[in-house]
1. Go through (1) of a type outside the set (V, I, T); (2) out of contact with any Ser or Thr (no Cβ under 9 Å at 6 or more places or on another chain); (3) at positive phi one by one and return the number of the condition G421 breaks.
2. What's the number of the only condition in (1) part of a helix (DSSP H, G or I); (2) in contact (Cβ under 8 Å) with a residue 24 or more places away in the chain that D379 fails to meet?
3. Name every residue in the stretch 34-66 that is surrounded by fewer than 19 Cβ atoms within 10 Å (Cβ to Cβ), in contact (Cβ under 8 Å) with a residue 60 or more places away in the chain and assigned to a helix (DSSP H, G or I), in order of residue number.
4. Name the one entry in L55, L91 that is closer than 30 Å to L387 by Cα, modelled with pLDDT under 95 and touching a Gly at 6+ places or on another chain (Cβ under 6 Å).
5. Under the condition of being in contact with a Leu (Cβ under 8 Å, 6 or more places away or on another chain) and assigned to a strand (DSSP E or B), which residue from the stretch 211-226 is surrounded by the most Cβ atoms within 10 Å (Cβ to Cβ)?
6. Counting just the residues of the stretch 149-173 that are at pLDDT below 95 and closer than 21 Å to T478 by Cβ, which one comes out farthest from the chain's Cα centre (by Cα)?
7. Taking the condition free of Cβ contacts under 8 Å to residues at least 60 places away in the same chain, in a helix (DSSP H, G or I) and either surrounded by 19 or more Cβ atoms within 10 Å (Cβ to Cβ) or in the same structural domain as L224 (by TED's automatic domain parsing) (or both), does D307 pass?
8. In the stretch 174-210, what residues are surrounded by fewer than 19 Cβ atoms within 10 Å (Cβ to Cβ) and either modelled with pLDDT of 95 or more or in a helix (DSSP H, G or I) (or both)?
Amino acid sequence: MQDTGKSGNLTYRQVLEANNAIQTIGDDTYWLCVTRTVQESKLFPVPAYMLLSYLNCFYRYPALLRKIEASVPAEEIGDRARSMSGKFGNLPGWGLPTFYLLGREMLINFGMLRPEDAAEDVVYVLDFWRRFKLAQQREDGHLNAREFGQRVQLLPERTVQVFHADAHRCVAGDRLHKAAHGFLAAVSQYGFMISCESRCTLNNSGPYRLDADRELIIRDFTDLAQGDYPWLDGVGDKIPYNNLTVTMEVKDCHFYLMDDWGSFESKPEFTADKLVGVGLYTSDVLSDGHIPVGMGSAEELATTFEDLTEKVREAIAALWKRVAGWSRDEMMDSGALVYFSLIKDFAHVAGVYEHDDWMTIDERADRFRPLLNDEFGRDFLGEMVGLVDLPSQHQPSHVMMQHNNQSARYITHIPFTVCDGHGASMGNDIAPGVTTHARKLDSYTTSEGVLTLADYNARAKACRPAQMAPELRGLNDTWIKWNPADPRVDQLYRLEQRLSRNLRGKGLGLTPEQIEGLRGKA
């Protein structure tokens, strides 16, 4: 790494907080890795591209996050994230610090970094993450799903009420029920292929209680159309929405697990017949909230699902043809960029997104490509995230790791000597990048149509959602509970309801029973 001076601007408190974040992120990631998934593929070199992505994150995230915050602070991104889909959910929230820290861990084990090096960057990345997540999850007061017993409730009451009121009822075997499940199956398969056989285009959150035997879960599908990924040029052009949110009303099962990777489990098991209501929305950084899609009637929604399913199936076939012709390096680049760019929509919010920032491999990370063959990728990744047996992870024999009592630490802490100036700092420039993919077409699908990137950035910089007005932004559910007569409260609810089929103009004060009554009248 480049030594650009000494690190001496950190306080003891900052390093304490950073090490706390490092430890809790490591504990959570170990549990996720050993209980939720197998990171292998018969097509893509998944372990190898994951390692490449971690290096890319380490080298680029500090500079990119500072570039974003020069326009929009992390807290505002968190506040705005509650009212849109895109790369903002619990999966990007987990990936932001974890991928960066795993890149650091790799370099420590390669002998290219000491634990005290780049300490200011490590502290900054973790501070950005904490501020973003605390703002995003301010309604439940947790930092992540782990703190909430594997539950993610991001949304305020006014948003949940709209999703509840406008969900169209369905029963197993009817047209809407079949259309919804057909779409969910197709879009899940498509997203899996877009993200190089990973789950990076899918985010699940919830559950939210509707009554004693019904719950609401939210499923976000992102990057479906021609947009940031070069490999979707000519593939996703016919898909009219880059992001889609499916709201699912479920009866007679309780979702006891909804983790930061989007996995969910319920008791009894969730089966198709338990879906009793569904809704569909699109949103992005320009949309000022969730926009209903095909929600005028149950028949219209069924037709919309069927039409989207056909378009998605066509895109799957086109993408398979494209991927079939890729070299291993093209597969490596695609997978690494999907992981690395998991937080790219932060740059879209700020209006500072640049293709080469997010869709190229930093030349410093690319140096390691010859090392990352299939065998090394499999074995090193397994050692680091599963076995926890790299030299940097070994601890004195008295240490007992959470979950398995191993004498190990998942991610290396920062030594407190950095407060005295020990450790090299990194420059804040974004190094040149490389890619094996064709140049991205200057065409981006948004809620305001297909735009050039310059137009997209300009509109994003100018966009200020109505609920983010200074007099409204701080009105969370706790404040509203104690100040229901304040006229701003009714204004806030009416803003949320402005596109609702059943709640438009109703304002504050609706009970679940009243919402059910309004659904019945509709």
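The values are calculated or read from the model by the stated rules, or taken from the named source; none is laboratory data. Given the structure is predicted, the values throughout are model-derived calculations rather than measurements. Reconstructed Cβ throughout: ideal geometry from the backbone, glycine too, with neighbour counts over all protein chains shown.
1. Of the numbered conditions (1) of a type outside the set (V, I, T); (2) out of contact with any Ser or Thr (no Cβ under 9 Å at 6 or more places or on another chain); (3) at positive phi, the odd one out for G421 is (2).
2. All conditions are met except number (2).
3. Within the stretch 34-66, the subset surrounded by fewer than 19 Cβ atoms within 10 Å (Cβ to Cβ) is 34-43, 63, 66.
From the residues that got through so far, the ones that are in contact (Cβ under 8 Å) with a residue 60 or more places away in the chain too are 34, 36-37, 39-41, 43, 63, 66.
Within the stretch 34-66, V34, A63, R66 meet the criteria.
4. On the way: L55 fails: modelled with pLDDT under 95.
Only one candidate passes the filter, namely L91.
5. I218
6. Residue satisfying both the conditions and the ranking: G149.
7. Values: free of Cβ contacts under 8 Å to residues at least 60 places away in the same chain: yes; in a helix (DSSP H, G or I): yes; either surrounded by 19 or more Cβ atoms within 10 Å (Cβ to Cβ) or in the same structural domain as L224 (by TED's automatic domain parsing) (or both): yes.
Here the answer is yes, as D307 does meet what is asked.
8. Once the filter is applied, which keeps residues that are surrounded by fewer than 19 Cβ atoms within 10 Å (Cβ to Cβ) and either modelled with pLDDT of 95 or more or in a helix (DSSP H, G or I) (or both), the stretch 174-210 yields D174, R175, K178, H181, G182, A185, S188, Q189, F192, R209.
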